[in-house]
1. Is there any pair with a first residue in segment 61-85 that is under 19 Å from Ser158 (Cα atoms) and a second that is in a strand (DSSP E or B) and acidic (Asp, Glu) whose Cβ atoms are under 8 Å apart and which are 6 or more apart or on different chains, and what are they?
2. Filter segment 132-186 down to the residues that are part of a loop (DSSP other than H, G, I, E, B) and of a type in the set (Val, Ile, Thr) and list them by number.
3. If you go through segment 15-43 one residue at a time, how many are among the small types (Gly, Ala, Ser), over 17 Å from the mean Cα position of the chain (by Cα) and within 28 Å of Tyr175 (Cα to Cα)?
4. Counting just the residues of segment 74-88 that are surrounded by 12 or more Cβ atoms within 10 Å (Cβ to Cβ) and not polar (S, T, N, Q), which one comes out farthest from the chain's Cα centre (by Cα)?
5. Which one is farthest from Asn35 (Cα to Cα) among residues in segment 140-149 that are surrounded by 13 or more Cβ atoms within 10 Å (Cβ to Cβ) and free of Cβ contacts under 8 Å to residues at least 60 places away in the same chain?
6. Using the structure shown, decide if Lys50 is touching a strand residue (DSSP E or B) at 6+ places or on another chain (Cβ under 8 Å), modelled with pLDDT of 90 or more, part of a helix (DSSP H, G or I) and of a type in the set (Lys, Arg).
7. So which of Val159, Val180 ends up being over 18 Å from Ile46 (Cβ atoms), in contact with a Ser or Thr (Cβ under 6 Å, 6 or more places away or on another chain) and either surrounded by 14 or more Cβ atoms within 10 Å (Cβ to Cβ) or hydrophobic (A, V, I, L, M, F, W, C) (or both)?
Amino acid sequence: MLNKKGMTIVEILVCFVLVGLITVSVYSSISAFNNKRNIESYKEKIYTYKNTITKLIQDDLIKKGLISADYTINNGIYTINFKFRDNTKKTLVITRLLAMDYNEALENTTGTKQDDKFMIQYDGIEYPIPDLGEYKNNRGEIIKDLRINNIIINTDSSVLTIYIGFYHPDLSTRYGINIVCPINYF
């Protein structure tokens, strides 16, 4: 008589395969959860930044009373000078310097290396955009994942309009700072 109380090699292999399948499915679920959590964290950082900058600037424009606004654009640096009813002046500087990437036909005519640089400076205080990751292109330039992709400034019709748009490749929607204020309104 043979003793038939053990497990066969086939049964052991089936157990390993089942454990492997369960591990893979749990790992993919955790990975999907972490990706979703990261995206929600990115959105929260962008919203917080957007709301902070908007409130800071909008408070001055409304509470102090905007008398005039003029702006200049020079090589990716947008400068807006505000003059208020109480004779104070403040300056908003938006820096949008791009490295040579983004699948656009950008040509670096000087041959110099330029990393991405995105910054909003108001009244002498710098407010760097949130760091949500970066990578290096084949030239060794640093490309930021979150970038300022467009800036619109308009002072027509006695209304100041400022739009600073943000873009991140992992987020499905575009975000932006949108400031609208009457000029010399009493």
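The values are calculated or read from the model by the stated rules, or taken from the named source; none is laboratory data. Since this is a predicted model, take the numbers as computed values, not measurements. Positions of Cβ are backbone-derived with ideal geometry, glycine not excepted, and every protein chain shown enters the neighbour counts.
1. Pairs that qualify, where the first residue is under 19 Å from Ser158 (Cα atoms) and the partner is in a strand (DSSP E or B) and acidic (Asp, Glu), are Ile80/Asp70; Asn81/Asp70.
2. Thr155, Thr173, Ile183
3. 2
4. Arg85
5. So, considering only residues that are surrounded by 13 or more Cβ atoms within 10 Å (Cβ to Cβ) and free of Cβ contacts under 8 Å to residues at least 60 places away in the same chain, the one farthest from Asn35 (Cα to Cα) is Glu141.
6. Against the criterion (touching a strand residue (DSSP E or B) at 6+ places or on another chain (Cβ under 8 Å), modelled with pLDDT of 90 or more, part of a helix (DSSP H, G or I) and of a type in the set (Lys, Arg)), Lys50 qualifies.
7. Val180
Here's the yes/no breakdown for (1) surrounded by 10 or more Cβ atoms within 10 Å (Cβ to Cβ); (2) more than 20 Å from the chain's Cα centre (by Cα); (3) assigned to a strand (DSSP E or B); (4) β-branched (Val, Ile, Thr):
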position	(1), (2), (3), (4)
Lys45	yes, no, no, no
Thr54	yes, no, no, yes
Ile67	yes, yes, yes, yes
Lys90	yes, yes, yes, no
